[in-house]
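Below: one structure in structure tokens.
The values are calculated or read from the model by the stated rules, or taken from the named source; none is laboratory data. Because the structure is a prediction, the values reported are computed rather than measured. For neighbour counting, all protein chains shown are included, and Cβ atoms are generated from backbone atoms with ideal geometry for every residue, glycine included.
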């Protein structure tokens, strides 16, 4: 390992070429005739940078390109790259993959042999060149973010009106790219050469360009290294990477239970649904397309309303309420239970039980218990417990009796605490059993209340799916509890 560290240290100490030189000599402005020889595009970066710097102001300092390396430095760089490849081959272990992944990696290795190998110098050079040319991309991304965030109300409404006109007149799509180039490239650069009078009040009269060229033309070029815009591009690259990371993680998270045969029944069901959708599209898509052609006005109005409604929902005044609803625990549980029900029904259609075979699967239950704080009127979470804790349970009766004594508080040593867990993940299956699926709420409250013989002790809320009860002392309500039942399927463990 010491040898590998020494090799890496030697590689990192190798520098390519000579240090960069700053050229501060004034440059003469010389117009050149129009060249249509496209072979000039393939010239070196030095030629491109010199041509683009002809219009640089004399006060700005530009970085000259690095002189070409001699044969000695080239051979040193070649040896450094080879040493890097050998060092990586020694450090990185050989991983064992499945057949499909191994085949993909082998194909990538075969194709990569036609390209330069891993080199820190090439990576740094290409990275700098990319960041020098990313300004327009990040300006566009920031404009999209400002549009959805309503940072400028007039800008957002203006873009929505443009989208509305394009939907009403799809022919505008053919001129939209040309208008974009005119508005963002040609007209601004024309006004640089023929600037309007800044003393005019633009609210009274439109800006009138000058009759004579008063400024210098400016050709788009990469931003200079170590300029403020370069570091802005570098920072945006760092931050916008998070969007890709979050999108990738979200896609993997939402598909991991359905597409990778984690549960063979679920993935098989998804496979059948996709095949059925493919076949159905051959018959339904032509019908829908014909309907859209015959009802163009309805389709356009629907698209316009959907886009406007979506952007309005993202307004800061509405976004908070929307996110609060999305992140609400009840919303998540309701959606999860709905998905579980649909999944269970569809899987039930695929299950084939042989005649005479016994199903050794059973369900276990747990109760989510909450208590009402009479002062704040807020339900306090107690925990998940196998005890439904109604007024007829011995634990509840004992705790109610000792709570009348001023010397014994619910936190006192004589208070009986029921077995409970803070989360469902802490609950273990019975011995010799293992869980199947996930926890779901039992929405048939009346059924489990009758099974536990507590129908006369609780009040059932069919809307919220809770069973309530309370304790009175001298006609004063002292304790108010509610509980709901969670169930989960278990089956005999294969290793039991």
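Just for the stretch 420-434: of the residues that are closer than 14 Å to residue 364 by Cα and either touching a strand residue (DSSP E or B) at 6+ places or on another chain (Cβ under 6 Å) or outside the structural domain of residue 369 (by TED's automatic domain parsing) (or both), which one is surrounded by the fewest Cβ atoms within 10 Å (Cβ to Cβ)?
Filtering first and then ranking leaves 424.
In the list 263, 257, 236, which residue meets the criterion of being modelled with pLDDT under 90, within 24 Å of the chain's Cα centre (by Cα) and not assigned by TED's automatic domain parsing to the domain that holds residue 98?
Matching residue, one of 263, 257, 236: 257.
Would you mention how many residues in the stretch 112-129 are surrounded by 13 or more Cβ atoms within 10 Å (Cβ to Cβ) and part of a helix (DSSP H, G or I)?
The qualifying residues number 6.
Still on this structure, I have one more. Which residues, taken from the stretch 131-147, are in a helix (DSSP H, G or I) and out of contact with any helix residue (DSSP H, G or I) (no Cβ under 7 Å at 6 or more places or on another chain)?
Hits for the stretch 131-147 are 136, 137, 139, 140, 142, 143, 144, 145.
Of the residues 387, 408, which single one is modelled with pLDDT of 85 or more, in contact with a helix residue (DSSP H, G or I) (Cβ under 9 Å, 6 or more places away or on another chain) and farther than 21 Å from residue 340 by Cβ?
Just one listed residue meets the conditions, 387.
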